1. Can you name the residue in the stretch A:103-120 that is surrounded by 16 or more Cβ atoms within 10 Å (Cβ to Cβ) and over 21 Å from A:GLY46 (Cβ atoms) and is also nearest to the other protein chains (Cβ to nearest Cβ) among such residues?
2. Hey, can you tell me all the residues within the stretch B:70-104 that are under 21 Å from A:ALA336 (Cα atoms) and either in a helix (DSSP H, G or I) or acidic (Asp, Glu) (or both)?
3. Kindly list the number of the only condition in (1) more than 7 Å from chain B (Cβ to nearest Cβ); (2) at pLDDT 75 or above; (3) open to solvent by less than 20 Å² (accessible area, probe 1.4 Å) that fails for A:SER245.
4. From the list A:VAL143, A:VAL154, A:VAL115, A:VAL134, which residue is closer than 30 Å to B:PRO77 by Cβ and in contact with a Phe, Trp or Tyr (Cβ under 8 Å, 6 or more places away or on another chain)?
5. May I ask you to say which residue of A:THR144, A:THR87 is within 15 Å of the chain's Cα centre (by Cα), at the interface with another protein chain (Cβ under 9 Å from one of its Cβ atoms) and either among the polar types (S, T, N, Q) or assigned to a loop (DSSP other than H, G, I, E, B) (or both)?
6. Of the residues that sit in the stretch A:53-84 and are among the charged types (D, E, K, R) and farther than 15 Å from A:PRO101 by Cβ, which one is least open to solvent (accessible area, probe 1.4 Å)?
7. Kindly indicate whether A:ASP131 is surrounded by fewer than 20 Cβ atoms within 10 Å (Cβ to Cβ), more than 22 Å from A:GLN51 (Cβ to Cβ), among the acidic types (Asp, Glu) and more than 16 Å from the chain's Cα centre (by Cα).
8. Going through the stretch A:268-296 one residue at a time, which ones are free of Cβ contacts under 8 Å to residues at least 24 places away in the same chain and either surrounded by 17 or more Cβ atoms within 10 Å (Cβ to Cβ) or polar (S, T, N, Q) (or both)?
Amino acid sequence: MPSAPRAPRGIDFDPVKVGRPCIQPRALEVIDAIHHHVQWRRMTGGCVAYQAGAAELTTPTRLGTATIPNHGFYHLVSPNARFIRVTVWTAGATGSGAADPYLTCTTTTDGTGAVFARVPHAGAPGASFTDDAVQVHSATVEVTPGSLEAVTLVQNSTSDAVRIISAVVREVPIGTVDPDGADALYINPDNFEPGTHIIDTENDDLPLGMNLLRRQGKKLLHSDNVEARITDVGVANRRDILSWSTGAPPADPANWNIYPSVNLPETSGVAVTCYVLGRATAGVGTLRFAFSGGNIDVGAIGPLGIYTGTGSIAKVSDTLSKQGYISVAGTFYHYASFVVEDREAA
Amino acid sequence: MAITWTGPFGGLGGGGFTGWSNNATGAGTLHTRYRDGDPESSFAWREMAGNLNLHLASSRRLVCSQRFNSTTGADPPKSNTGNDWTSRDAIYTVLGPIILTPNARRGMDQPPRLTVRVRARRTGGAANHHVRLYAVGSELDCIHGWPFTGARGAGYVDFTISAGTYPAGGFSAEGTLTIPSDPVGWYWARQAWDHLAVSTIGQQTVEVMTTHLVLAAVGDGAGNGTYVAALEVWEEAPGA
C-alpha cells in the first residue's frame with residue numbers, strides 16, 4: 001500500500017554536492033515534490049458568475065434551446081483525477097409549474113450525468129440576494145484522467161428554469177497517487193530507503209515522472225461564460241467584448257492576465273487551443289483572441305456550436321483581450337470562450 | 001537497463017539548473033545517465049531538482065476569470081450606491097467553494113494567498129468607492145450570515161475606486177488576498193479558509209483547503225455607486 005505523501009514542499013535547490021553520489025533522503029524529497037504536484041495541485045475549472053440584478057439571473061435564457069445553449073465549461077482534467085464536483089449557487093426558479101425544476105450536470109465521460117439543484121419557485125431576485133431565495137447545490141460527476149471534458153449544466157425545463165448565480169467546477173482530490181494508474185506517475189518511496197542502493201531502474205522513474213508531470217500538467221488559462229451580442233461588421237470594426245470599444249485595440253486594451261505552465265526551453269512559445277461557444281444569425285462570426293505576441297482567430301462561427309483555433313503564446317506570462325465581429329449585417333452571439341494549453345508531445 | 005544520455009543541461013554554476021533536457025531524437029525526455037553510486041550523478045540530480053522547482057514555481061492556477069458587463073455594453077447591471085459593508089446590497093456575487101492548493105514552500109498548514117484584479121469604476125461623485133473580494137470559510141457566512149458580520153476585519157483584499165472610468169489596461173493593479181489563519185471577531189468562529197473533508201467516492205476521504213469568494217462593493221452613500229465589470233483571481237506564484 002503506498003504511503004501518504006510528506007509535506008508538500010519545493011525541494012532544496014542543492015540536493016547533491018558535486019562529486020558525491022545522490023543519497024536516499026534527497027531522492028525522497030524529489031519524490032515528495034512530484035507526488036505533491038500530482039495530488040494537491042487540483043484544478044478549479046471554469047466558472048460562471050452573475051451579479052445580483054443581472055438580466056440572466058432574473059430571466060434565464062441559457063435553457064438549452066436550438067439557439068441558446070446551456071451553461072458549459074471546458075475542464076482539462078489533471079492526471080489521476082477521476083471526479084469533478086460542480087457547485088451551483090441558485091436564486092430559486094422561474095415559472096409556476098407543479099414540479100420544481102432542477103439541473104443535470106453532464107461530462108464527456110458521463111453523458112447521463114448527475115441530477116441536482118432542485119429548487120423551489122421564487123420571485124425574481126433584484127439588486128440584492130435574500131436569505132430565503134439563495135441555495136447551494138453540488139454534484140459529483142465522473143471524468144477521465146488527463147482528458148479535456150465538456151461539462152454542461154442542463155436545465156430540465158425550457159419554461160421553468162433554475163436561476164444560476166454562479167457555478168464552479170473543481171476536481172476531487174485524492175489522498176495518494178494511484179500506483180496502478182495507467183499514467184504511471186506513481187513512484188514508490190519504499191524503494192528509496194536509507195541504507196539501500198538506488199538501482200538504475202528506480203532511478204529512472206524520477207525523471208520519467210517529471211517528464212509526464214510537465215506534459216500532462218496543462219491547464220485552463222482563461223474562461224468566460226457570459227453572453228455578448230456583437231453586430232459590428234468586419235475586422236476593422238471589431239468589438240472588444242470587455243471594454244466594448246471598437247476598432248484597433250487602444251494602447252491600453254482591457255487585458256486579462258495569462259500564466260502558462262512550464263514549457264520546453266527549446267520551443268519558442270506555449271501551444272494553446274482557443275474555444276468559442278457561439279452562433280451567428282447571418283454570415284459568420286469571428287472572435288479574435290489577441291495575445292501580446294499575436295492573434296488567434298476563431299472564425300467561421302455559424303450555427304450554434306463549439307469552434308476552435310490553435311496557436312502559440314508567450315511563455316511565463318501573457319495578456320489577452322477578446323474582440324469579435326461578424327462578416328455581414330447580423331448578430332454574433334458569444335456564449336462562452338476558453339483558452340486551454342495543449343499537451344506537449346513525448 | 002540502458003540509461004540514455006539526454007543532452008546538455010540548462011546551465012551550470014550560480015546554483016541554477018533550469019530548463020528541461022532533451023534527447024537526440026525527441027524533446028523533453030530526461031533520463032539519468034549515471035549508475036548507482038557514481039559521483040558524477042550529482043549533475044543529473046541537481047538538474048532534476050532545478051527542473052522540478054521551476055515547474056512548481058511556474059505553474060500557478062487560474063481560480064476565476066469572469067466578465068460581468070452586459071450583453072451590449074461595458075457596464076454591468078449592478079451598482080451599489082450605499083456605503084454600508086454590512087448590508088446585503090454590498091454583495092455583488094458569490095463563488096465557491098474553491099479548492100486551494102497548498103503553497104509548495106509554506107505547506108498545508110499555512111493559509112493560501114490569491115492574486116486578485118478587478119475592473120471597476122464609480123458612477124459619479126468625488127469620494128473614493130471600494131471593491132473587496134472576501135474569502136469566507138463557510139457557505140452560511142456568504143449571504144445568510146452577511147448582515148451580522150460587522151467586524152469583518154480580515155480575509156479580504158480592498159481596491160480603492162477613485163475614477164469614473166475604468167483603469168488603464170482595463171484592470172486594477174494586482175492585490176493579494178491573504179487569507180488569515182486566525183479568526184477575527186466573535187462571529188467569525190470559522191477561519192476564512194477551511195479544511196474540508198472530501199469523500200472521493202470509492203477511494204478515501206481526504207482533507208483539502210477550501211474557501212468561498214464574495215465580491216462586494218460600496219458607493220458613497222449619496223447616490224453614486226460602483227460598477228464591477230470583471231474579476232480575475234489566480235493562485236499566487238508558488239515560488240513566492
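The values are calculated or read from the model by the stated rules, or taken from the named source; none is laboratory data. Because the structure is a prediction, the values reported are computed rather than measured. Backbone-built Cβ (ideal geometry, glycine too); neighbour counts: all protein chains shown. Side chains are part of the model used for accessible areas, which takes the heavy atoms of the whole protein and leaves out ligands, DNA and RNA. Shrake-Rupley method; radii C 1.70, N 1.55, O 1.52, S 1.80 Å.
1. A:VAL119
2. Matches in the stretch B:70-104: B:ASP75 only.
3. Every listed condition holds for A:SER245 apart from (3).
4. Every option except A:VAL134 fails the conditions.
5. After applying the criteria, what remains is A:THR87.
6. It comes out as A:GLU56.
7. no
8. A:ASN295 - this is the single residue of the stretch A:268-296 that is free of Cβ contacts under 8 Å to residues at least 24 places away in the same chain and either surrounded by 17 or more Cβ atoms within 10 Å (Cβ to Cβ) or polar (S, T, N, Q) (or both).
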